[in-house]
Amino acid sequence: MNSDSFIDMLMRCFSVQSFRSLSRDRIVSALESLIGDANVLHETDDLIPYNVDWKGVYKTRSKDSDDYSLVVTPKTHQNVVDIMKWCHEKRVSVCPQGGNTSLVGGSTPMFADELIISFSKMNKVPSLRNQ
């Protein structure tokens, strides 16, 4: 079996039908209502850096188009909770991403119907002291 047919088989087995049934515009609107417009990336030029590893080896694949995974950039713990609740309800797979510096492509989604949660805006360390 060549790698393309293996990937196609995985896409058939693991595709999330409820996510695919939603239009991209509806998904973007729902996510923007949860965490704000500035925290949802959906323009192609904005998505490419999150959908390709830094070496350019691993890239998100889409069976039906040249779409890339959407990206959300939560700022707070509550944003993450809200995103994860929505993803659970809609049966959307997530791909957490710290800095996308993985050498083995672990933080690059395999399929375009996964939602990338970039933690780049969560860069504040709360105090560790008991107050």
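The values are calculated or read from the model by the stated rules, or taken from the named source; none is laboratory data. Just so it is clear, the structure is predicted and the values come from calculations on it, not from any experiment. Backbone-built Cβ (ideal geometry, glycine too); neighbour counts: all protein chains shown.
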Item to complete: Tally the residues that are assigned to a helix (DSSP H, G or I), touching a Ser or Thr at 6+ places or on another chain (Cβ under 9 Å), under 14 Å from Met110 (Cα atoms) and of a type outside the set (Ser, Thr, Tyr), restricting the search to the range 48-93.
Response: 1
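A quick yes/no check of all residues on (1) within 14 Å of the chain's Cα centre (by Cα); (2) more than 25 Å from Val125 (Cβ to Cβ); (3) modelled with pLDDT of 85 or more:
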site: Leu34; (1), (2), (3): no, no, yes
site: Asp37; (1), (2), (3): no, yes, yes
site: Asp46; (1), (2), (3): yes, yes, yes
site: Lys55; (1), (2), (3): no, yes, no
site: Asp67; (1), (2), (3): yes, yes, no
site: Met84; (1), (2), (3): yes, no, yes
site: Glu89; (1), (2), (3): no, yes, yes
site: Gln97; (1), (2), (3): yes, no, yes
site: Ser102; (1), (2), (3): no, no, no
Item to complete: Go through Asp67, Asp37 for me and flag whichever is of a type in the set (D, E, K, R), out of contact with any His (no Cβ under 9 Å at 6 or more places or on another chain) and surrounded by 14 or more Cβ atoms within 10 Å (Cβ to Cβ).
Response: Asp67
Fill in: Qualifying positions in the range 20-48 - among the hydroxyl-bearing types (Ser, Thr, Tyr) and either in contact (Cβ under 8 Å) with a residue 24 or more places away in the chain or in contact with a Lys or Arg (Cβ under 8 Å, 6 or more places away or on another chain) (or both)
Thr44
Fill in: Residue check for Asp82: acidic (Asp, Glu), in contact (Cβ under 8 Å) with a residue 40 or more places away in the chain and touching a Leu at 6+ places or on another chain (Cβ under 8 Å)
yes
Discussion item. So in the range 111-131, with the set limited to residues that are within 16 Å of the chain's Cα centre (by Cα) and polar (S, T, N, Q), which one is surrounded by the most Cβ atoms within 10 Å (Cβ to Cβ)?
Written reply: Ser118
